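Only one structure is covered here, and it is reproduced in the block below.
The values are calculated or read from the model by the stated rules, or taken from the named source; none is laboratory data. If you're wondering where the values come from, they're calculated on a predicted model, not measured in any experiment. We place every Cβ from the backbone using ideal geometry, glycine too, and count neighbours over all the protein chains shown. When the accessible area is computed, the model is the full protein with side chains, heavy atoms only, and any ligands, DNA or RNA have been set aside. Shrake-Rupley method; radii C 1.70, N 1.55, O 1.52, S 1.80 Å.
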Amino acid sequence: MINQFYNELDAYDYISFPDDDCWYPTEFWGWFDKLIKNDDVQLFYTKFCSDPVDIPNSTESHSTYKLVKNASSNTTIYKSDIVMKLKLFNESFGVGSINNGGEDTDFAIRAMLLSKNILFSNSDAIGHRDPVAEFKYRYYKGSFGVLKNHCLRSVSLFLITLRKVLVGFVFLLFGKIKMSDFFVGKS
């Protein structure tokens, strides 16, 4: 879809890719406009829940771990020039792909690696149904594959990938995933 509208992206300052069941509290966009008014924010991310706050807390320092944990299609807003540099989502990832998930994490990591000014709001600032922790294993292959693809790009990505391997062994031990989930599939 990005490819289809690529030539129109520069008409927008910021771009996001929310799910169809995502919503923004009334005050969110006004708060976001004030946040970016005096700062060249290239990447912004926050958290979501089914009962989001009206006005998010102020931002705090970004870290790769916070991004990997919180950035999703619902919670991440990109400066349009960053999206134009990235161009496409990796189609090997995403719900319904051979790896079943991870496309939004991959896009956010690639954007993070290009961005100089990244802000994180540790608030449930965007509305979306709450995740069901019991089913996180369903997306292991995709999220692990994304981390595996980027693990040598920084020490923090390497350590996060190592942690993900350990989580995978626990899932494997309890029969939630198969050994093949440790290998990235190509579409």
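A few notes on this one:
- Within segment 70-85, tally of residues that are in a helix (DSSP H, G or I) and at pLDDT 90 or above: 6
- Output for segment 88-108, where each listed residue is closer than 21 Å to Phe135 by Cβ, at pLDDT below 85 and among the hydrophobic types (A, V, I, L, M, F, W, C): Val95
- Matching residues, segment 156-187, being open to solvent by less than 40 Å² (accessible area, probe 1.4 Å) and part of a helix (DSSP H, G or I): Leu157, Ile160, Thr161, Val165, Gly168, Asp181, Phe182
- Of all residues in segment 1-28, those being assigned to a helix (DSSP H, G or I) and either modelled with pLDDT of 95 or more or of a type in the set (Asp, Glu) (or both) number 3.
- A single entry from Ala125, Ala111 fulfils the requirement of being open to solvent by less than 50 Å² (accessible area, probe 1.4 Å), among the hydrophobic types (A, V, I, L, M, F, W, C) and part of a helix (DSSP H, G or I): Ala111.
- One residue stands out among those in segment 158-186 that are among the basic types (Lys, Arg) and at pLDDT below 95: the one that is nearest to Lys141 (Cα to Cα), which is Lys178.
- Residues that are farther than 22 Å from Phe28 by Cα and either in contact (Cβ under 8 Å) with a residue 40 or more places away in the chain or touching a helix residue (DSSP H, G or I) at 6+ places or on another chain (Cβ under 6 Å) (or both), drawn from segment 112-138: Met112, Leu113, Leu114, Ser115, Lys116, Tyr137
- First in segment 29-47 and touching a residue at least 40 places away in the same chain (Cβ under 8 Å) and polar (S, T, N, Q), second anywhere and in a loop (DSSP other than H, G, I, E, B) and open to solvent by 20 Å² or more (accessible area, probe 1.4 Å), Cβ under 6 Å, 6 or more apart: Gln42/Asn117
- Here is the figure for segment 57-84: residues that are of a type in the set (Lys, Arg) and either surrounded by fewer than 22 Cβ atoms within 10 Å (Cβ to Cβ) or without any contact (Cβ under 8 Å) to a residue 60 or more places away in the chain (or both) total 2.
- Residue match in segment 50-65 (condition: assigned to a helix (DSSP H, G or I) and at pLDDT 95 or above): yes
- Test: Arg153 is assigned to a loop (DSSP other than H, G, I, E, B) and surrounded by fewer than 20 Cβ atoms within 10 Å (Cβ to Cβ): yes
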